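What follows is a set of notes on a single structure, which appears directly below.
The values are calculated or read from the model by the stated rules, or taken from the named source; none is laboratory data. Predicted, not measured: the structure shown is a model, and the values here were computed from it. So basically every Cβ, Gly included, is an ideal-geometry build from the backbone, and we count neighbours across all protein chains shown. Areas reflect the complete protein model, heavy atoms only, side chains present, ligands, DNA and RNA absent. Shrake-Rupley method; radii C 1.70, N 1.55, O 1.52, S 1.80 Å.
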Amino acid sequence: MAEEKVFYGIPVSPGIASGKIFVFDHEDDTVVERDITEEEIPLEIVKLENALIETRREITEIKKKIAESIGLSHAEIFSAHLLVLEDRTFLEEIIKEVEANKKSVDFVFQSIMEKYIRAFSEIEDEYLKERMSDIQDVGKRVLHHLMGKKRKDLSTLEEEVVVVAFDLSPSDTALMHKDNVIGFATDIGGKTSHTAIMARSIGIPAVVGLHNISQKVKTGEEAIIDGNKGIVYISPSEETRRIYTDKKFQFLDYERHLESVKDLPAETKDGKVFTLYANIEIPEDIPSIISHGARGIGLYRTEFIYMNRTDLPSEEEQYIAYRKAAEAMHPKSVVIRTMDMGGDKFLSHLQLPKEMNPFLGWRAIRFCLARPDIFKIQLKAILRASEFGNVKLMYPMISGINEIKQSNEILEEAKAELKKEGRAFDEKIPVGAMVEIPSAALTADIMARYVAFFSIGTNDLIQYSLAVDRVNEKIAYLYDPAHPAVLRLIKYIIDTGHKAGIPVSMCGQMAGDPASVVFLVGMEIDELSMSPFSIPEVKLLIRNMEFAEMKKAVEEAMTLETPEEINALANRYVEKYLPEIFQYRF
Ligand code: PEP
Ligand code: MG
């Protein structure tokens, strides 16, 4: 029997799947160099035109299918793919080379595509890298048509499989069905990739960032995907199989248990109530938010509306998206955060200068204040949506009160323009700030005079206070929510906000992490906003807790010196109040 192999990656979609592997996209695309005669040139050009027509038809069909099954904004990704097919420079270059060198069109097409991909891969720019995968995706489709091959796609699989691939494009992922793809694992990718977002929408366990797994496995081998912990086992031993069969049942039991508490209040045994909200990126996430028992939306990351497109979203388009969220959640509240572009998120159509330190650079509110034209359109759209629900507005990456004042000035202009246009909006829309930069945290007393609420963005607060780039895997071991500096900053923000009489919420990853929730409850955070999937678990934990004991846990944590000691203390409480989690996660 083959020896067990274990791969560690990033868990992006929870659950456990076991089954036979299907290695996707390892087909041989090698094109043989072939000379053609002068007379064959027109035929080769016709071949190219036909392949483009076929590819266009194929992509339009996928776009339609996805719009129907998952939603319009996912389908928009394919508009970018269609644009690649219209790139005249690229196509004219192919035709010219077929004519000049008298080589077959498939060979010319492949060499020019490789040249573009090489050039793109040398540029260190996240946006261009994304465009590269668009070009690769479309290029492969065209090449298959030129070669007369039928491209394999994941919708035609006949048996249940675990898909393993170098990467999965959004079009591959969107074609997966829960009936035949029971989980997937890829070499590359991150938590915020479209592939990860789609895996969560479809609800299949997935692990990404597994380095070279696609080269180390073969179709037909057995695999276990642990989407809770980010581990993939190939040819699992009898022992691993037994452990995971148990874990799978435990996880199902646990999910059933979670299901039973999801609509109950997040109230401790001694009567302290917390409000659990959900974070969303796209309006299509709303049904999942409601089904997981969220009391509202605590963070709407609006920058996703600006991505994967070639133009800026209009006021009307944004208004429709925000209104949809406001209406769906009404009377529950929806916190709409203004666009947080920059850092690791880039807009497709804005040619921004490359920066040495993008996370410390022209990001979020800094960009919006420099481009009030773009900012005001978004503010007007949010204001208009406020008429249809309980909408709150939030500014990201605030470093001090000047940015709040300047943003509010543009907000006032937006309000004045809407009034002139005769449009209704909530005149008293509450305006809050994300506290995610240490300078804002340490001046929370001053900041509190200018905003209606704080929301702690721990993803950034940790990276800025510990000087750890949040996307650099080499220093990921330093990125620790249990660092005493992080706990002190959080406690200071909560206490200061409360002293000033404003509510304090948290919308970073820490809000959905059981070990951190132990302390956040003891610190009396008002609201926690997290991925919808984490809500039932955090709710169960809080419902099992004693608030008085958590206050003591915070006092004790504040005396500890290292993240290890703080983690050990937190885990003791998680084990006490949520023992089930240890059965499948540890
Ligand atoms: C955060 O920084 O914690 C946060 C919620 O915002 P984002 O992850 O979008 O930067
Ligand atoms: Mg942030």
Requested in this report: Could you check the simple spin-label distance between residue 246 and residue 273, using points 7 Å along Cα→Cβ, in nm with one decimal?
Outcome: 4.0 nm
Requested in this report: Would you mind checking the pairs 218/247; 262/332; 272/392 and listing those with alpha carbons more than 22 angstrom apart?
Outcome: 218/247; 272/392
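If you take the beta carbon distance between residue 67 and residue 90 as r and set R0 to 30 Å, what does 1/(1 + (r/R0)^6) give as a FRET efficiency, to the nearest 0.05?
Numbers: r = 27 Å, r/R0 = 0.89.
After rounding to 0.05, the efficiency reads 0.65.
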**Report entry** Relative contact order (%) - the chain, alpha-carbon pairs under 8 angstrom, separation at least six
**Finding:** 14 percent
Query raised in the report: Considering the chain, what Rg and Dmax in Å follow from its alpha-carbon atoms?
Result: 25.6, 87
Query - Solvent-accessible area per residue for the stretch 267-585 (1.4 angstrom probe, square angstrom) - result: 39 Å²
Query raised in the report: So which GluC sites (Glu not before Pro) in the stretch 372-469 end up in coil per DSSP with only 16 or fewer other C-beta atoms within 10 Å?
Result: 421, 427
Report task. Please determine, in degrees from 0 to 90 and to the nearest 10, the orientation of helix 126-146 with respect to the longest principal axis defined by the Cα atoms of the chain, where the helix direction is its Cα long axis. Result -> 30 degrees
Query raised in the report: At 222 nm, what helix-only mean residue ellipticity would the chain give, in deg cm²/dmol to the nearest 500, using -39500 (n - 2.57) for each DSSP H run of four or more?
Result: -15000 deg cm²/dmol
**Report entry** the chain - percent of accessible surface contributed by carbon and sulfur, probe 1.4 Å
**Finding:** 53 percent
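Test of the criteria: in the stretch 364-467, which trypsin sites (Lys or Arg not before Pro) are in a DSSP loop and have at most 16 other Cβ atoms within 10 angstrom of their Cβ?
Numbers: sites: 366, 376, 380, 384, 392, 405, 415, 419, 420, 423, 428, 449; in loops: 423, 428, 449.
Answer in residue order: 423, 428, 449.
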Report summary line: Yeah, the stretch 437-512 with a ≥ b ≥ c from its alpha-carbon gyration tensor (a/c under 1.5 is rounded, else prolate when a/b outruns b/c, oblate otherwise) is prolate
**Report entry** Rounded to 10°, Cα long-axis angle of helix 547-557 versus longest principal axis of the chain
**Finding:** 80 degrees
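Is the shape of the stretch 464-550 rounded, prolate or oblate, going by the alpha carbon gyration tensor and its root eigenvalues a ≥ b ≥ c, with a/c under 1.5 for rounded and a/b larger than b/c for prolate? Write down the numbers at each step before the final one.
On the way: a/c = 1.87, a/b = 1.27, b/c = 1.46.
Because a/c hits 1.5 or more and a/b fails to exceed b/c, the stretch 464-550 counts as oblate.
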Report task. Could you sort out which of 405/499; 103/140; 428/491 sit more than 27 Å apart by Cα distance in this structure? Result -> 428/491
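Is the stretch 267-585 rounded, prolate or oblate when judged by the Cα gyration tensor, a ≥ b ≥ c being the square roots of its eigenvalues, rounded requiring a/c under 1.5 and prolate requiring a/b larger than b/c? Please list the in-between numbers first.
Numbers: a/c = 1.75, a/b = 1.49, b/c = 1.17.
Prolate, because a/c is 1.5 or more and a/b exceeds b/c.
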